[in-house]
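Just so you know, all these numbers are worked out from the coordinates, no wet-lab data involved. Quick caveat: nothing in here was measured; it's all calculated off a predicted structure. Cβ atoms come from the backbone with ideal geometry, glycine included; neighbour counts cover every protein chain shown.
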Amino acid sequence: MDQSDEFISVKVEDAIGIVELNRPDVLNALNRHMVSEVVGAFERLDRDESVKVILLMGRGRAFAAGADIKEMAGANPVDFELLDPFAPWDRMTLIKKPIIGAVHGFALGGGFELALSCDLLFAAEDARFGFPEVNLGVMPGAGGTQRLTKLLGKTRAMEWLLSGETFSAEEALQWGIVNRTIPQSLLIEETKRFARKLAGKPPLSLRLIKESVHMAVDATISEGMKQERKNFYLLFASEDQKEGMKAFVEKRTAEFKGR
Ligand code: HXC
């Protein structure tokens, strides 16, 4: 889609915007430029009306084995302050369309944080997750301590974050980190099948449901309930709501337009 991308490849297929991490020689280690490219691609796909769902995956034998340790090794706090490397990560939270992550091989450190930034996660049975930062004398910085703890509670998150131990796709499923596990050879096919299912839904509903669910994670229940209600009202201003309900009454399949 954008020829200037160096570390990712992007294509649109059946209304699915597919972003593939493409540094397989280093297990898709995320350097700063690559993170900017991923977020830039998400933003372009978010604006593209032909795209309904975004799929993120990794080329080669891993999803992503973490932030690029070689790039980070010599950094000091002033470099970080000036480079503001987490600014693109913040922009990721503003993407309106559902993002599905398809994880195989390693999803470690920043790679796991990238996976946790997705709305849905499908994992190959061979996938391994974890935050090994502690073994490097650092810690997660792109939301790992927050997102894992919100998902799992303090007890489990503490154990995995402090020990740096990795865990399997099966454990990730048991703990509600991933939506499902899939044999590796079928991962992309099955994830695309699910993405196509979402792509047939009314886009405004997807958008406002995603926003409302994120409110449930980030805000108090009463703030989230207020936002949910406003989003519910807003959908009654859409043509898709009229079409969806009319089609139900007329016993036919609805044709959604995204407005
Ligand atoms: C840079 C990496 C890398 C990384 C792997 N590579 N992970 N390079 N940064 N995070 C490179 C290796 O140096 C090697 O390059 C090539 O990828 C293949 O890796 P191997 O180690 O040979 O593969 P293997 O023996 O299968 O081991 C796989 C592995 C191991 C267990 C995943 O690579 C590993 O432990 N990687 C580091 C994982 C990690 O600590 N992640 C957290 C990073 S800190 P060469 O040139 O030798 O072939 C972090 C902070 C996030 O993520 C902060 C917020 C963004």
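A few comments on the model shown:
- Spin-label zone in region 66-107 - amide nitrogen under 13 Å from a point set 7 Å from the Cα of Val138 along the C-beta vector: 66-81, 84-86
- Taking the chain and dividing mean pair separation by its residue count, relative contact order in percent (alpha carbons under 8 Å, at least six apart): 15
- Helix-only CD estimate at 222 nm, as mean residue ellipticity for the chain, using -39500 (n - 2.57) per DSSP H run (n ≥ 4): -13500 deg cm²/dmol
- With N counted as the residues of the chain, its alpha-carbon radius of gyration over 2.2 N^0.38 Å works out to 1.05.
- Solvent-free Debye scattering, log10 I(q)/I(0), computed from the Cα coordinates of region 71-175 at q = 0.10 Å⁻¹: -0.29
- Here region 127-197 is treated with +1 on each Lys and Arg Cβ and -1 on each Asp and Glu Cβ, and its dipole about the Cα centre works out to around 440 debye.
- Shape call, region 117-259: gyration tensor on alpha carbons, a/c limit 1.5: oblate
- Looking at the chain, the DSSP beta bridges with both ends there are about 25 percent antiparallel.
- Cα gyration tensor shape for region 1-80, rounded if a/c is under 1.5, else prolate or oblate: prolate
- Under a model in which nothing but the beta-carbon of Lys, Arg (+1) and Asp, Glu (-1) is charged, the chain shows a dipole of about 1160 debye around its Cα centre.
- Eligible aspartates and glutamates near Lys251 by straight Cα distance, threshold 17 Å, same-chain separation 8 or greater: Asp240, Glu243
- With the highest mean first, a sort of the peptides 77-86, 240-249 on other beta-carbon atoms found within 10 angstrom per residue produces 240-249, 77-86.
- Under 15 Å, Cβ to Cβ, from Thr220 - net charge with Lys/Arg +1 and Asp/Glu -1: 0
- Sorting 140-151, 30-41, 180-191 by their mean Cβ neighbour count within 10 Å, with the most densely packed peptide first, gives 30-41, 140-151, 180-191.
- Length-normalised contact order of region 1-120 in % [C-alpha pairs under 8 Å, at least 6 apart]: 29
- Arranged from fewest to most other beta-carbon atoms within 10 Å of their beta carbon, Glu223, Glu71, Glu133 become Glu223, Glu71, Glu133.
- Peptides ranked, highest mean first, by Cβ atoms within 10 Å: ranges 20-27, 227-234: 20-27, 227-234
- The charge dipole of region 47-198, taken about its Cα centre with unit charges on the Cβ atoms of Lys, Arg (+1), Asp and Glu (-1) only, comes to about 680 debye.
- DSSP assigns beta bridges within region 1-69; of those with both partners inside it, close to 45 percent run antiparallel.
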